[in-house]
Amino acid sequence: MRTLIKNGTIVTADSQFVGDILIDGEKIKAIGVNAEPDVDKVFDATGKYVLPGGIDQHVHFSFVYKGSKVRGFETSNAAALGGTTTVIEFVNQVKDKGLVESLEDYKKSDAEGISMVDYGFHVVMTDPRPEVIDEIPKLAEAGYPTMKLFMAYKGQFFHADDDAILSAMLKGKEAGVTIMVHAENADMIDVLTKKLIAEGKVGPYYHAVSRPPVVEAEATRRAIYLAELADAPLYVVHVTCKEALQEIKDAYAKGQRIFGETCTHYLTLDESDLAKPGYEGAKYVCSPALRTQEHRDALWEAVDRKWLNAVSSDHCGFDYAEQKHMGYGEGKSFADIPNGAPSLQHRLTVLWTYGVETGKISPSRLVDLYATMPAKTNGLTSKGQLAPGFDADIVIYDPEYRGVISAETSAEGVDYSAFEGFEQKGRPETVFLRGEVIVDNAEYVGHKGQGKFIAGEPFGAAYKPED
Ligand code: URP
Ligand code: ZN
Ligand code: ZN
């Protein structure tokens, strides 16, 4: 099957031009003007943008908070509708199981035959026994070149101490496994949380008070020092504040390979959402917490100037009616609210509407942040770029569409949207997954199980000396 996408404005991480893309089977065959006339199907993209399919490197389809679990891969059509053709999910190492075994078991039970987009996994190390640390090189061999440790969440089985992080970095660098951290000081949060609850300050807004920017900055700096000691690269997930950003910039300027991402909600929402009347603020309880306008401004500058190199969703599909209400009522507090917000479907449209349309970032910068760099960081060497030989994961984006984001029209399977009522400019009109149309006229037309596991190569971008 040969398909031609004609006359679109093709956007790559470093250029933008009007041209054609020829797809042959699963791959991009050629890019240019009038690439080849002999094809089975033609898509006219005149007046539209043609982007690589997005790579969302921070998705939770199996996160459990205090016994409550998010929506899983059965909702991955939401990613497709949002122009994301590959997701990388965080999967916990299961107690008494190895890292690779935990991922392989999960892959079979929860992803294979279900996922509607391509996928990979980051393992979350929960049990850092010496034999588990020694297993890290096997992760790389099995196509999982990244691993995350949670510095936050004191008392939860997935919390990691400095010993675990340093040991993981020392072993990881031998095999090209990139260590990622959720950087928040768990003890600071614990002390502040107990104090606030004792004072009767239990509503959703106090979630932010319990974890101010210094909590994130301290852990970010500590993780950077650990990486310096290990002489290893580090990837800091969901950076939210100026102070943590400064730590990353300083370390990078010193020559350390410290990379960071932020997420759609930190660019567009803030503390005032947590302070919404009644219990509404629970919808916005995520960690680190939403910040203030000055931090949002700093994050937009950082993504534009390459101080941060990805924008992910940190998608967490907890319902409001049941799950977010775990923190409501007698004896309950913000600390009982499951952390995280749904955002799988709206990463591209939010970035386009509030980044590109406002002039904060260029279309090329968007492409780099939402597809190209996440692919490079995670060793997805066939993904994230519009170039011959790459997978034909392609989005035809209609910039003229106007709409409003709402849970009612979202496929995330969650009863609310963090971006409810947000104006939306443009939308993914057609989405190709390895050459097959999975979104047509903004409707999902693919099928369950169409996505496949994509093995990552070790020594991703965080190991490379430039870029
Ligand atoms: O609040 C969040 N981000 N929930 C998901 C788990 C995590 O910390 O990334
Ligand atoms: Zn996190
Ligand atoms: Zn997360």
Query raised in the report: Taking segment 268-296, which residues are surrounded by fewer than 21 Cβ atoms within 10 Å (Cβ to Cβ) and among the aliphatic types (A, V, I, L, M)?
Result: Ala275
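Quick check, is Cys263 within 24 Å of Lys195 (Cα to Cα), under 16 Å from the mean Cα position of the chain (by Cα) and within 16 Å of ligand 3 (Cβ to nearest atom)?
Criteria not met by Cys263.
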Report task. Check segment 439-451 and report whether any residue there is in contact (Cβ under 8 Å) with a residue 60 or more places away in the chain, of a type outside the set (Lys, Arg), touching a Gly at 6+ places or on another chain (Cβ under 8 Å) and surrounded by fewer than 15 Cβ atoms within 10 Å (Cβ to Cβ). Result -> yes
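Among Glu412, Glu408, which is more than 23 Å from Asp14 (Cα to Cα), assigned to a helix (DSSP H, G or I) and not assigned by TED's automatic domain parsing to the domain that holds Tyr284? Break it down stepwise before answering.
On the way: Glu412 fails: assigned to a helix (DSSP H, G or I).
From the options Glu412, Glu408, the qualifying one is Glu408.
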Query raised in the report: Lys173 fails exactly one of the following numbered conditions: (1) outside any loop (DSSP other than H, G, I, E, B); (2) crowded, with 24+ Cβ neighbours inside 10 Å. What is the number of that condition?
Result: (2)
Report summary line: Flagged in segment 283-327 as away from ligand 2 (no atom under 16 Å from the Cβ) and of a type in the set (Asp, Glu), in numbering order, are Glu294, Asp297, Glu301, Asp304, Asp319, Glu322
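Residues to consider are Lys324, Lys332, Lys276; find the one that is touching a Lys or Arg at 6+ places or on another chain (Cβ under 9 Å) and either free of Cβ contacts under 8 Å to residues at least 24 places away in the same chain or away from ligand 1 (no atom under 16 Å from the Cβ) (or both). Steps first, answer last, please.
On the way: Lys324 fails: either free of Cβ contacts under 8 Å to residues at least 24 places away in the same chain or away from ligand 1 (no atom under 16 Å from the Cβ) (or both); Lys332 fails: touching a Lys or Arg at 6+ places or on another chain (Cβ under 9 Å).
Criteria check complete, one pass: Lys276.
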Query raised in the report: For Thr268, are the conditions met, namely being in the same structural domain as Tyr354 (by TED's automatic domain parsing), within 16 Å of ligand 3 (Cβ to nearest atom) and modelled with pLDDT of 95 or more?
Result: no
Requested in this report: Scan segment 65-76 for residues that are more than 17 Å from Lys452 (Cα to Cα) and more than 10 Å from ligand 1 (Cβ to nearest atom) and jot them down.
Outcome: Lys66, Gly67, Ser68, Lys69, Arg71
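Could you identify the single residue in Lys95, Lys138 that is at pLDDT below 95 and either surrounded by fewer than 24 Cβ atoms within 10 Å (Cβ to Cβ) or not in a loop (DSSP other than H, G, I, E, B) (or both)? Show your work before the answer.
Values: Lys138 fails: at pLDDT below 95.
When all the criteria are applied, what remains is Lys95.
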**Report entry** Sole residue being surrounded by 23 or more Cβ atoms within 10 Å (Cβ to Cβ), modelled with pLDDT of 95 or more and of a type in the set (A, V, I, L, M, F, W, C), chosen from Val209, Val215
**Finding:** Val215
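Given the criteria among the hydrophobic types (A, V, I, L, M, F, W, C) and in a loop (DSSP other than H, G, I, E, B), does Ala13 qualify?
Against the criterion (among the hydrophobic types (A, V, I, L, M, F, W, C) and in a loop (DSSP other than H, G, I, E, B)), Ala13 qualifies.
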**Report entry** Given (1) over 23 Å from the mean Cα position of the chain (by Cα); (2) in a strand (DSSP E or B), number of the condition Pro128 does not satisfy
**Finding:** (2)
Report summary line: Cβ pairs under 7 Å, 6+ apart or interchain, first in segment 93-119 and farther than 26 Å from Gly83 by Cβ, second β-branched (Val, Ile, Thr) and surrounded by fewer than 18 Cβ atoms within 10 Å (Cβ to Cβ), ordered by first then second residue, are Ser102/Val94
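Being buried (at least 24 other Cβ atoms within 10 Å of the Cβ), modelled with pLDDT of 95 or more, of a type outside the set (D, E, K, R) and away from ligand 3 (no atom under 16 Å from the Cβ): is that true of Trp307 here?
Details: buried (at least 24 other Cβ atoms within 10 Å of the Cβ): no; modelled with pLDDT of 95 or more: yes; of a type outside the set (D, E, K, R): yes; away from ligand 3 (no atom under 16 Å from the Cβ): yes.
Answer is no for this residue.
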Query raised in the report: Which of the residues spanning segment 232-257 are in a loop (DSSP other than H, G, I, E, B) and free of Cβ contacts under 8 Å to residues at least 60 places away in the same chain?
Result: Thr240, Cys241, Lys254, Gly255, Gln256
Requested in this report: Tell me, yes or no, whether segment 345-354 has at least one residue that is outside any helix (DSSP H, G or I) and either within 17 Å of Arg296 (Cα to Cα) or assigned by TED's automatic domain parsing to the domain that holds Tyr284 (or both).
Outcome: yes
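Which of the residues spanning segment 194-205 are surrounded by fewer than 23 Cβ atoms within 10 Å (Cβ to Cβ) and touching a helix residue (DSSP H, G or I) at 6+ places or on another chain (Cβ under 8 Å)?
To start, the set of residues in segment 194-205 that are surrounded by fewer than 23 Cβ atoms within 10 Å (Cβ to Cβ) comprises 194-203, 205.
Result: Leu196, Ile197, Lys201, Val202, Gly203, Tyr205.
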Report task. Among the candidates Leu229, Leu299, single out the residue that is assigned by TED's automatic domain parsing to the domain that holds Gly67, surrounded by fewer than 20 Cβ atoms within 10 Å (Cβ to Cβ) and either among the basic types (Lys, Arg) or in a helix (DSSP H, G or I) (or both). Result -> Leu229
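The values are calculated or read from the model by the stated rules, or taken from the named source; none is laboratory data. The structure displayed is predicted, hence computed values, not measured ones. Because the Cβ atoms are built from the backbone with ideal geometry, glycine has one as well, and the counts that use them run over all protein chains shown.
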